[in-house]
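Undergrad: Please read through the structure below; I'll follow up with questions.
The values are calculated or read from the model by the stated rules, or taken from the named source; none is laboratory data. Keep in mind it's a predicted model, so treat the numbers as computed, not measured. Positions of Cβ are backbone-derived with ideal geometry, glycine not excepted, and every protein chain shown enters the neighbour counts.
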Amino acid sequence: MNQEKLNKIRVFVAKHKDADLHSLLLKKSPFPEVSMQELVQQIKGRKVAEKKFPFLNQENIIFPPNLNLEQASSQDTADFKKQFFKGKKFVDLTCGFGIDAYFLSQNFEEITLIEQNTELLDIVKHNWEVLGRKANFINQKLEDFLKNNKEHFDLIYLDPARRDNHNRKVFLLEDLSPNIIEIQEQLSDISPEILIKLSPLIDIQHLVSSLKNIYKIWIIAVKNEVKEVLVYLKKTENQPEISCINLQSSEPEFHFNLDDEKHCQSEFSTPKKYIYIPNNPVLKSGAFNLVSEKFGLKKLHQNTHIYTSEEKIAHFPGRIFETEEINSKAIKKGEQFNIITKNFPLKPEEIKKKYKIKDGGNQYLIAVKSLSGNHFLVGKLLD
């Protein structure tokens, strides 16, 4: 498509960025060679880019279908990854929309991108040209590339497909495509370092028991929503380090070795003045006893992953509340609370209904279970 036509499409997309897309789909495309569905997809893509990958929210960038946009990493998580890797030759075996590849490859000289979807790879190639980046684009199945490849790389990156042939989500390593367990040796033959992006729902213990040579695991969240688990494979004799990261927050990173948790024990207490709720990456890591020991905090219950202390501690990877315990009879009808429940018989909606209280406001009502029983705590979130 020539530049004049691209400019006209760009003007159309910009003009209709706030239009009702359902109504727009009922209209005829003003461009014979481009359907209205394709035009609407560009409008949708630009809206996604504004929040998810703003570096692509610029002229002449082309966006793929929704599924590819959903599966692509965000700019925040992709940009985070690049700081740890550099070398001469980089290959992404599952390029997709190329967000991770764009950032990860910035510290490499030669870049190879593998993608079996021809149309998607054409879009990536076009966008990289717009962005002034060069790469070797190969339209091939990963398996075929590995079978014929003679090159050696400093880093391999891949993001296995997490859906089966019936488009159902899968979570076990052996169900992913490709099967990482089966091809790990093959990957290790052509690179000393392998980086794998996995679902936030992957079980960490299953991961560690299934893969060899895990050097490090990152559990990455954005605003406390875990987005991905990143596994770095590199020959090592040590237990893997696990790093819990909460991007777009002021919370500190939390790092530990897998053996650390095995050698720790929690102490328990009823709720004291300060209550600590770890962020979701820390909870995902399963380092429940380590949090207690490392920060000198008491846990409320074996199954209540909330901690407490009489004196406030600093630099905690999560939220800190200053609270006091109240009798449930002291909860007044119509009061406004942000409700948190942990290992408690009633859910937030049930508490709202039973005590006739409303959502919101600056106060928190924390309903928890300790070894001594159930508690209602009222307090405020500290900065």
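Undergrad: Would you check if Phe295 is closer than 26 Å to Ser243 by Cβ, touching a residue at least 24 places away in the same chain (Cβ under 8 Å) and surrounded by fewer than 22 Cβ atoms within 10 Å (Cβ to Cβ)?
TA: no
Undergrad: Across the stretch 112-126, what is the total count of residues that are in contact with a strand residue (DSSP E or B) (Cβ under 9 Å, 6 or more places away or on another chain) and either in a strand (DSSP E or B) or surrounded by fewer than 20 Cβ atoms within 10 Å (Cβ to Cβ) (or both)?
TA: 5
Undergrad: What's the number of the condition Ser269 fails, among (1) modelled with pLDDT of 95 or more; (2) under 28 Å from the mean Cα position of the chain (by Cα); (3) at negative phi?
TA: Ser269 satisfies every listed condition except (2).
Undergrad: If a residue counts only when it is among the charged types (D, E, K, R), which helices (runs of 4 or more DSSP H) contained entirely in the stretch 1-97 have at least 1 such residues?
TA: It comes to 3-15, 36-52, 66-71, 75-81.
Undergrad: Name the residue, out of Glu129, Glu109, Glu151, that is acidic (Asp, Glu) and either free of Cβ contacts under 8 Å to residues at least 12 places away in the same chain or surrounded by 15 or more Cβ atoms within 10 Å (Cβ to Cβ) (or both).
TA: Selected residue: Glu129, the only one of Glu129, Glu109, Glu151 that is acidic (Asp, Glu) and either free of Cβ contacts under 8 Å to residues at least 12 places away in the same chain or surrounded by 15 or more Cβ atoms within 10 Å (Cβ to Cβ) (or both).
Undergrad: What residue, among those in the stretch 235-260 that are assigned to a helix (DSSP H, G or I) and charged (D, E, K, R), is modelled with the lowest pLDDT?
TA: Ranking the candidates gives Asp259 first.
Undergrad: Sticking with this structure for a sec: For the stretch 142-163: of the residues being charged (D, E, K, R) and touching a strand residue (DSSP E or B) at 6+ places or on another chain (Cβ under 8 Å), which is modelled with the lowest pLDDT?
TA: Only one residue fits best here, namely Arg163.
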